[in-house]
Amino acid sequence: MKPLRAILGTASASDKIIALAEGDDPRVVEGAVMAVKENVARIILIGNKAKVSALLEAHEGYDPERIEIHDPAKSELTPDLTQALYERRKHKGMTLEEARQQITDRLTYAAMLVRQGIADGTVGGAIETTSDTVRAALQIIGTAPDAAMVSSFFLMLFCKDHHEVKGARIFADCGLVVDPDAQEMAEIARASAASYETLTGDTARVAMLSFSTSGSAEHAKVSKVVEATHIAREKDPALLIDGELQFDAAFVPEIAAQKATGSPLKGEANVFVFPSLNAGNLGYKIAQRIGGVEAIGPVLQGLAKPANDLSRGCSAEDILHMIAVTAVQAQHVKSKPETR
């Protein structure tokens, strides 16, 4: 079974509710309808009710009982969400009047739906910037109690005929943490391994990437990757991880046999942790645009409940896929959001 079809199937078994912050965007509405038709999730579309309704009328053949429309300016939930937002942010100086104003922001409203348990996850970023989308998630949903930080990854799907080795892989962090230190890189590795196993059900095999393999070069940037690998191993001795490795030594068994003879990954890594956002962002875009790899993301990890970001160039199909990923993440939420 193709990895994306497996994720869609897992999502459909959960019946989660996903809030789409930009419900008045035609692509978002189309993605929502696709998700409902495939039983991937129930949907809340956030936006002007008349506009969203008009967009929905262009689509047929879906269950209207599985799509709700929430207009933050008129919703009957807005007063309670306003009070909850005020309680959440008053320690930061927010007044009740400021909460009344902010709750009308669609990203804020969506995040509050998730925080209050009305929705299981949220997706935004088709129109809004990544910084605004992530800020709303961090301030309102908060980090998971067992997470040291919030980071991101792209789910990379190698499914084309020309891909010699097919399947799902993770590239991290390609969207959020600009220049992680060794401790942060280790946390990104551990979180990405957990995300891979959540989404695929397979064992994570983590490669810590560098321009050096097994001491072939000496540099402070190489030392950071070596230290990060050591930290990750110490914190999780069961984690299958190796580094520092060049990408080819982590991805191609024949190259691994020459360059990294002692590596437990044997050139079969499925989680690739880049040493910087610069490297990771370039890496995933090259794989996507030249290699034809399908990229879903950036997917956030480390939040108390799922909230994910879209590219502003996303298609309706991209939105469907992100809804599915968010629904699967929601199945693995362990506890309530932090109080602060």
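The values are calculated or read from the model by the stated rules, or taken from the named source; none is laboratory data. On a predicted model such as this, the values are computed, not experimentally measured, just so you know. Counting neighbours? That spans all protein chains shown, and the Cβs are built from the backbone with ideal geometry, glycine included. Just the protein is used for accessible areas: all its heavy atoms, side chains included, with ligands, DNA and RNA removed. Shrake-Rupley method; radii C 1.70, N 1.55, O 1.52, S 1.80 Å.
The C-alpha atoms of the chain define a longest principal axis, and helix 182-200 lies at about 70 degrees to it. Cross-link reach is defined here as a Cα-Cα straight distance under 27 Å, omitting same-chain residues fewer than 8 places apart; for Lys166 the lysines meeting it are Lys2, Lys259, Lys266, Lys285. Probing with 1.4 Å while keeping every protein chain in the model, the per residue accessible area of the chain equals 44 Å².
Taking 25 °C and 0.890 mPa s as conditions, the chain diffuses translationally at an estimated 119 µm²/s according to Stokes-Einstein applied to its Kirkwood radius (Cα pairs).
Only Cα pairs under 8 Å and 6+ residues apart enter the sum, and on that basis the relative contact order of region 1-143 stands at 27 percent.
Given their separation in residues at 0.36 nm each and the Cα-Cα distance between them, Lys2 and Thr104 gain 32.7 nm when the chain is fully extended.
Annotation: lysines with alpha-carbon distance below 17 angstrom to Lys305 (same-chain offsets under eight excluded): Lys16, Lys334, Lys336. Roughly how many Å is it from the Cα centre of region 1-59 to that of region 286-324, as a whole number? The two parts, judged by their Cα centres, are 15 Å apart. Within the accessible area of region 126-253, the carbon and sulfur atoms contribute 51%, probe 1.4 Å, all protein chains present.
Extension gain, Arg289-Glu317: 0.36 nm per intervening residue step, less the Cα-Cα distance, totals 8.4 nm. Within a Cβ distance under 12 Å of Leu8, other residues only, what is the Lys/Arg minus Asp/Glu net charge? Here the charged neighbours net out to +1.
Go ahead and run the numbers for FRET between His332 and Glu87, Cβ-Cβ distance against an R0 of 30 Å, rounding to 0.05. Result of the calculation: an efficiency of 0.65. Close amide H partners of Asn308, meaning residues 5 or more places away or on another chain with modelled amide H under 5 Å apart, are Thr122, Val123, Gly124. Dividing the summed -39500 (n - 2.57) terms of all DSSP H runs of n ≥ 4 by the residue count of the chain sets its mean residue ellipticity at 222 nm at -12500 deg cm²/dmol. The mean sequence distance of close C-alpha pairs (under 8 Å, at least 6 residues apart), as a share of the length of region 124-274, puts its relative contact order at 23 percent.
The amide H of Glu22, built 1.01 Å from its N in the peptide plane, has Ile46 as neighbours under 5 Å, considering only residues 5 or more places off or on other chains. For a quick check, take a GNM of the chain with Cα springs below 10 Å and name the residue from Gln102, Gln258, Gln288 with the largest mean-square fluctuation. The residue with the greatest mean-square fluctuation here is Gln258. Working ranking of peptides 202-214, 138-150 by packing, defined as the average number of other Cβ atoms within 10 Å per residue, highest first, is 202-214, 138-150. Measuring how big region 1-121 is from its alpha-carbon positions, Rg and Dmax come out at 15.7, 52 Å. Compared with the dominant principal axis of the Cα atoms in the chain, helix 26-37 is inclined by about 80°.
Largest first, the residues Met185, Met94 sort by 1.4 Å accessible area into Met94, Met185. Computed from point charges on the beta carbon alone (+1 for Lys and Arg, -1 for Asp and Glu), the dipole magnitude for region 59-159 about its Cα centre is near 500 Debye.
Against the main long axis of the alpha-carbon atoms of the chain, helix 316-330 sits at an angle near 80°.
A full extension of the chain between Asp202 and Ala220 corresponds to an added length of 3.1 nm, given 0.36 nm per residue minus the alpha carbon distance.
The distance from the alpha carbon centre of region 216-285 to that of region 176-214 is 9 Å, rounded to a whole number. Take every Cα pair under 8 Å whose residues are at least 6 apart in sequence, average their separation, divide by the length of the chain, and the relative contact order is 24 percent.
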